[in-house]
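Remarks on the structure that follows.
The values are calculated or read from the model by the stated rules, or taken from the named source; none is laboratory data. In this text, all values refer to a predicted model and were calculated from it rather than measured experimentally. FYI the Cβ positions are ideal-geometry reconstructions off the backbone, even for glycines, and counts take in every protein chain you see. We work out accessible area using only protein heavy atoms, side chains counted, and drop any ligands, DNA or RNA first. Shrake-Rupley method; radii C 1.70, N 1.55, O 1.52, S 1.80 Å.
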Amino acid sequence: MDVARAAGVSRQTVSNAINAPHKLRADTLERVSTLIKEMGYRADQSARSLRSGTRQVIAYLTPETDPANPNALMSGFLEAMVAAAGDAGYRILLVRQGPGQSEAQALEDIIAARTADAFLLSDVLDDDRRVDYLTEAGFPFAVFGRTRPGAPQAWVDVDSVQAMIDMVGLLASHGHRQVAFLGTSAELPWLRHRAAGFRIGKRRFGMVGLEAYVDGPDEVVAVARGLLDRLPRPSALVLDDDWLAPGAYAAAQAEGLTVGVDVAVTGFNDMPYTRLLQPPLTTVRLPLRRIADALVNRLLQTLEDGVPPEAGLLLAGEPVLRPSVPSVR
């Protein structure tokens, strides 16, 4: 094989670079992958599928979203997954349950038809029936999120607790001591982790802070104004999601305050509109490509070894510093 000769490695090493990158050292993987791209090498997918008995397909049970108001975060995650899977020689098959069909039935249809080698799940809850079904079926899967103890630990997630601790620490480094947390009341694991991180950070950095929660967008301005109207007034609003930011900015303006001057505001997720706010919002970016790469590697490991990883993987969030956090004057 030309790639093997050019790289000075065996054919098996080239095969591993395509099919099992987790087996190679980082420098070897980078050298072989670069040559594969430069030489335009394409693996024979049909022949490989016949040899391995696999379809080279990962099925992704996509969360429902409003086409008129799409979830930019999950769109970015899907793009990252397509790229990561493609680099490993796999394709992503999007799956959605049909009318009157349960998610378990949608999973069963894919397994019965043998159209995919493994499943990818996201938006996983504490007692997720999809995880239970795939565990009982013995079908390989990986999770963007976390599975409960006792379930297979083939998951990758952002360390939201530490990311929020770091955000509170950033505020402390700018002299903020009176802070307030504005969160979403939905009982979702990732939101709980962010609230927990705020509380830990508040204690660690000796801050005084309030918490308030909203059920929907119509409540954000009023609840945020209630926080900013307290005495002593918080010098910073810590949000558990970027979607709260426009309402928090409006609340500050209604109270005669300027974000980035009189009050700090921070978010989480780095949605595209956050850089368009005035001032642009300090927030936490999810490392979507690193998450996708880790999920694909874990799926490949599970497919090869026949057993899921022994422990989940937490990846650090990426702080995005923008002018919405002033120093206390």
Inter-residue pairs, beta-carbon under 8 Å, first surrounded by 15 or more Cβ atoms within 10 Å (Cβ to Cβ) and in the range 21-36, second of a type in the set (D, E, K, R) and in a helix (DSSP H, G or I), 6+ apart: P21/D87; S33/D87
Go through the residues of the range 299-309 one by one and say whether even a single one is at pLDDT below 95, within 21 Å of V156 (Cβ to Cβ) and under 17 Å from the mean Cα position of the chain (by Cα). yes
Within the range 87-105, work out how many residues are within 25 Å of the chain's Cα centre (by Cα) and farther than 15 Å from T135 by Cα. 12
Taking only the range 191-204 into account, find how many residues are closer than 19 Å to R285 by Cβ and either surrounded by fewer than 19 Cβ atoms within 10 Å (Cβ to Cβ) or of a type in the set (D, E, K, R) (or both). 2
Which pairs have Cβ atoms under 7 Å, sit 6 or more apart or on different chains, and link a residue in the range 72-88 that is closer than 25 Å to T34 by Cα and touching a residue at least 12 places away in the same chain (Cβ under 8 Å) to one that is open to solvent by 50 Å² or more (accessible area, probe 1.4 Å) and not in a helix (DSSP H, G or I)? A85/R91
Looking at (1) of a type in the set (S, T, Y); (2) under 29 Å from V158 (Cβ atoms); (3) free of Cβ contacts under 8 Å to residues at least 12 places away in the same chain, find the lone condition where Y249 falls short. (3)
Looking only at the range 164-177, how many residues end up being under 16 Å from F268 (Cα atoms) and open to solvent by less than 50 Å² (accessible area, probe 1.4 Å)? 7
Those residues that are modelled with pLDDT under 90, of a type outside the set (D, E, K, R) and in contact with a Ser or Thr (Cβ under 6 Å, 6 or more places away or on another chain), I need them from the range 66-103; list them, please. N71
Out of V161, V156, V143, report the one residue that is open to solvent by less than 70 Å² (accessible area, probe 1.4 Å), more than 23 Å from L107 (Cβ to Cβ) and of a type outside the set (G, A, S). V161
Need the failing condition index for A142 against (1) in contact (Cβ under 8 Å) with a residue 24 or more places away in the chain; (2) under 30 Å from L237 (Cα atoms), just the number. (2)
Restricting to the range 98-131, and then to whatever is part of a helix (DSSP H, G or I) and open to solvent by 50 Å² or more (accessible area, probe 1.4 Å), can you tell me which residue is nearest to E64 (Cα to Cα)? E103
